Amino acid sequence: MDALLTAADSALRTLFVPPRASRACPTVPEFAPDSDMPAQDKALSGALMRVNHVGEICAQALYTAQALAARSGPQPDETLARQLEAAGREETDHLAWTRERLDELGARPSLLNPLWYAGAFGLGLLAGRLGHGLSLGFVVETERQVEAHLASHMDRLPAQDQASRAIVAQMKDDEARHARDAQSAGATELPLPVKGLMRLAARVMTTVAHRV
Ligand SMILES: [Fe+2]
Ligand SMILES: [Fe+2]
């Protein structure tokens with residue numbers, strides 16, 4: 001019951017309370033004001049950062065659900081639950097930075113955030129039920145796919161948008177580290193078809209969130 005209340009609290013917090021970062025938002029010295037950016041570039045940055053914000057909403061849901069599953073499964077794994085929660089806390093920085101950047105760009109977060117959260121939460125519960133190795137394997141694969149996705153944004157973001165680039169670059173480094181941490185905690189490699197399905201689900205999310 002306690003675990004369920006914690007999960008519900010985390011969901012409401014993620015969706016409705018402005019996130020607070022524990023690390024300062026990454027910035028660059030040669031920061032160009034957003035007002036100098038052409039409207040088209042600004043719109044593109046807004047769409048890409050909305051996708052990244054949705055990714056972080058999903059990260060909160062995944063880590064919370066996987067921690068819940070680890071703690072409440074047939075063989076409670078408190079160490080794993082705590083590790084997942086710690087990673088989730090670091091993702092809160094990403095959530096706050098992307099949200100802040102959306103506001104600066106005058107873009108709005110995805111209207112479907114409750115839906116993204118619910119979907120990711122379900123996936124996280126499923127992954128968490130598969131046990132220590134596969135649950136961590138799911139983290140590794142998710143973080144690797146997010147890292148590759150963020151790398152593609154470094155190509156797609158307008159050259160002038162240094163502020164978004166600084167955030168995405170730092171997130172990319174963090175996600176790579178999350179993957180390494182999960183790997184060294186005893187992750188099992190996921191089967192190829194599962195990785196393919198995850199990529200497909202991510203593509204649906206990124207395509208829709210780009211617009212809505
Ligand atoms: Fe993240
Ligand atoms: Fe991550």
Report, by residue number, each residue of the range 163-197 that is within 16 Å of ligand 2 (Cβ to nearest atom) and in contact (Cβ under 8 Å) with a residue 60 or more places away in the chain. 167, 168, 169, 170, 171, 174, 178, 181, 182, 185
Considering only the range 155-162, I want to know if a residue exists there that is of a type in the set (S, T, N, Q), within 13 Å of ligand 2 (Cβ to nearest atom) and in contact (Cβ under 8 Å) with a residue 40 or more places away in the chain. no
Those residues of the range 156-205 which are among the hydroxyl-bearing types (Ser, Thr, Tyr), more than 24 Å from residue 83 (Cα to Cα) and surrounded by fewer than 18 Cβ atoms within 10 Å (Cβ to Cβ), in sequence order: none
Looking at the structure I just gave you, is residue 34 more than 18 Å from the chain's Cα centre (by Cα) and closer than 22 Å to residue 94 by Cβ? yes
Within the group 21, 65, which residue is outside any helix (DSSP H, G or I), closer than 23 Å to residue 99 by Cβ and among the hydrophobic types (A, V, I, L, M, F, W, C)? 21
Listed residues 96, 86; which is more than 24 Å from residue 197 (Cβ to Cβ), within 16 Å of ligand 2 (Cβ to nearest atom) and surrounded by fewer than 18 Cβ atoms within 10 Å (Cβ to Cβ)? 86
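Being among the hydroxyl-bearing types (Ser, Thr, Tyr) and within 16 Å of residue 169 (Cα to Cα) is the filter here; which residues of the range 93-111 pass it? Write out each step before concluding.
Step one: of the range 93-111, the residues among the hydroxyl-bearing types (Ser, Thr, Tyr) are 98, 110.
Within the range 93-111, just 98 meets the criteria.
Is the range 29-47 home to any residue that is in a helix (DSSP H, G or I), under 28 Å from residue 138 (Cα atoms) and touching a Lys or Arg at 6+ places or on another chain (Cβ under 6 Å)?
No; the residues of the range 29-47 include none that is in a helix (DSSP H, G or I), under 28 Å from residue 138 (Cα atoms) and touching a Lys or Arg at 6+ places or on another chain (Cβ under 6 Å).
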Filter result for the condition that a residue is in contact with a helix residue (DSSP H, G or I) (Cβ under 7 Å, 6 or more places away or on another chain), part of a helix (DSSP H, G or I) and within 21 Å of residue 166 (Cβ to Cβ), over 71, 99: 99
Residue selected from the range 108-136 under the condition touching a helix residue (DSSP H, G or I) at 6+ places or on another chain (Cβ under 8 Å), buried (at least 18 other Cβ atoms within 10 Å of the Cβ) and small (Gly, Ala, Ser), by the criterion farthest from residue 70 (Cα to Cα): 110
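The numbers here are math on the coordinates, done by the rules we state, and not lab data. For clarity, every value in this text was computed on a predicted model and none was experimentally measured. In this analysis, Cβ positions are derived from the backbone assuming ideal geometry, glycine residues included, and neighbour counts consider all displayed protein chains.
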